[in-house]
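To start, the structure itself, in structure tokens.
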Amino acid sequence: HGPAHRFVREQDVVKRHRLPVPHQLRCTTLLLSVDPFLRCRFNADPGVAYTSAYEIDAPIASAGVGVVTESKFEGFEPGDLVLEPFDAWPWADEVVLDASRVARVPRALPLLLPPSSLLGVVGQVGLTAYCGLHHHCAAPPADGDVLVVSGAAGAVGSAVGQLARRSGAAVVGICGSDAKADALLDLGFSSVVNYRSEALAADLDAALDGREVTHYFDNVGGDLSDLVISRMRAEGTVILCGQIASYDSDAPYPPPLPAATADLVRERRISRERYLVLDHKAHFAAALAEVAALVAGGELRTPETRYEGGAGGAADAFVSMMGGGNLGKALVEGAAPPPAWVRAAEAARSALPPRWRERLCRKYVTAEALAAFVS
Ligand code: NAP
């Protein structure tokens, strides 16, 4: 299909530019992130200010982690692990990047956190969940509240559910398969509904058990969101995070609500402000430090789906993720294995008791230390 064909041409472009010039690094790709927001980059006009459309004959790119093999910039050495946290790591197994585009990952960090988490929950994904709950909401979910999250088995949704449970709220997850529902119950969700069920409305009502929804973390939109909003309490909050059900259409973002749902939102004085994580940059470093400590201590679990086969499989991985093929963060493994020092650090990490990891993380992986990853 389209993205895969285009990718093959772009691989050739990357090969022609393999020699790094001053200020550049040559790297092998360890992991690529595939994210729903990349979908808008395939349109001539992405419709958002924070990223640009992919250009014909330029590589497709996303966030990525890799290892430096040749450095033409002081401060980076061969063997260093580097991170591009957003949208500029080309989908190729070997890349040449401007050093200014990447952050060097401290050698001690993989002792406390999986490097893959930098593309997920200790990165944009965790920030989206954390800032959506704690900074976008005027009244964050708390004890006695009922939060519903759609796209619950994905990267953002699985973190939202766990963080909201930690705040004391009951959490109802909505996802696309029974296997995903079981995984979410295992993560501590209070109850889970499969939106593909023919009795979806009845299943949601059973999960709510007579309670009204106080918070709806909306990753999906469409009919599913109309249903959830119809179960919301007056003055409840919709965290309008994403509308993935409409990303393959020409609808503007966010798509207009059907009249009946719009009336209901108005009558019940439900707040439904558009949420963009990038509007909360002032909170990023502190939020990441908190999330990192929870991950290090095993209190925030980070399911991920890894697609094998190298960067050449990234286009298919992206299509799979958009269709629900992933549980947790969707990642593509580069063709090369991680270097020996990263594998040794990972082995040492799993031997450390989680509460030590959390303590060390709170001491050393501070907001200041993480600031480079989000700037
Ligand atoms: P993800 O949830 O890991 O992956 C996408 C998931 O969406 C799929 O696994 C699939 O799961 C579900 N899905 C796809 N089409 C659907 C449909 N028609 N109806 C219901 N579910 C559908 O992706 P993510 O990276 O965590 O992103 C989740 C949402 O957050 C996206 O909407 C994204 O745009 C948004 N986001 C927003 C911000 C922000 O700043 N506002 C930042 C990051 C991400 P099922 O198997 O359950 O269908």
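The values are calculated or read from the model by the stated rules, or taken from the named source; none is laboratory data. Since this is a predicted model, take the numbers as computed values, not measurements. When we count neighbours, we look across all protein chains shown, and the Cβ atoms used for this are built from the backbone with ideal geometry, even at glycine. To get the accessible areas, we keep the full protein, side chains included, count just its heavy atoms, and leave off ligands, DNA and RNA. Shrake-Rupley method; radii C 1.70, N 1.55, O 1.52, S 1.80 Å.
Some observations on this one:
- Only Lys, Arg (+1) and Asp, Glu (-1) charged, at Cβ; the chain dipole about Cα centre in debye: 960 debye
- Given charges at Cβ of Lys, Arg, Asp, Glu: the chain dipole, positive-most of G325, T366, P303: T366
- Listed residues S100, S52, S116, most fluctuating in the chain (Gaussian network, C-alpha, under 10 Å): S100
- Annotation: amide H of I270 within the under-5 Å range of E235, sequence separation 5 or more or interchain, hydrogens built in the peptide plane.
- For region 161-240, alpha-carbon Rg relative to the globular expectation (2.2 N^0.38 Å, N residues): 1.02
- Extending 7 Å from Cα along the Cβ direction at A49 and again at R355 yields two label points whose distance is 4.7 nm.
- The overall shape of region 147-281 is rounded: from the C-alpha gyration tensor, with semi-axes ordered a ≥ b ≥ c, the ratio a/c is less than 1.5.
- Residue-level accessible surface for K72, protein heavy atoms, 1.4 Å, Å²: 100 Å²
- Hydrodynamic radius (Kirkwood) for region 334-375, which is based on Cα pairs only, to one decimal in Å: 12.3 Å
- For the chain, the solvent-accessible area of protein heavy atoms averages 43 Å² per residue (probe radius 1.4 Å; ligands and nucleic acids excluded).
- Taking G312, G168, G79 in turn, the Gaussian network model of the chain (Cα-Cα springs below 10 Å) assigns the largest fluctuation to G168.
- Net charge dipole size for region 197-258 [Lys, Arg +1 and Asp, Glu -1 on Cβ; Debye, nearest 20]: 220 debye
- Signed unit charges on C-beta, dipole axis of region 175-277, positive-most listed residue A199, S230, L184: S230
- Using a Gaussian network model of the chain in which every pair of alpha carbons under 10 angstrom is joined by a spring, one finds that among D87, D250, D223 the greatest mean-square fluctuation is at D250.
- Pair S230, Y364: separation of 7 Å Cα→Cβ label points (nm): 5.4 nm
- Evaluated over the chain, the count of Lys pairs having alpha-carbon atoms less than 24 Å apart is 4 (only pairs 8 or more residues apart or interchain).
- Using alpha carbons only: equivalent-ellipsoid semi-axes of the chain, gyration tensor based, whole Å: 35, 24, 18
- Charge tally for L276 (other residues, Cβ to Cβ under 15 Å; Lys, Arg +1; Asp, Glu -1): -2.
- As a calculated quantity, the FRET efficiency between F42 and E273 at R0 = 22 Å, using C-beta atoms, amounts to about 0.20.
- Summing Cβ point charges (Lys, Arg +1; Asp, Glu -1) relative to the Cα centre of region 276-375 gives a dipole of roughly 420 debye.
- Here the 3J(HN,Hα) profile of region 248-257, calculated from phi with Karplus coefficients 6.51, -1.76 and 1.60 at θ = phi - 60°, is 8, 10, 8, 4, x, 10, x, x, x, 6 Hz, Gly and Pro shown as x.
- For the set M322, M232, the ranking by accessible area, highest first and with no ligand, DNA or RNA atoms included, is M322, M232 under a 1.4 Å probe.
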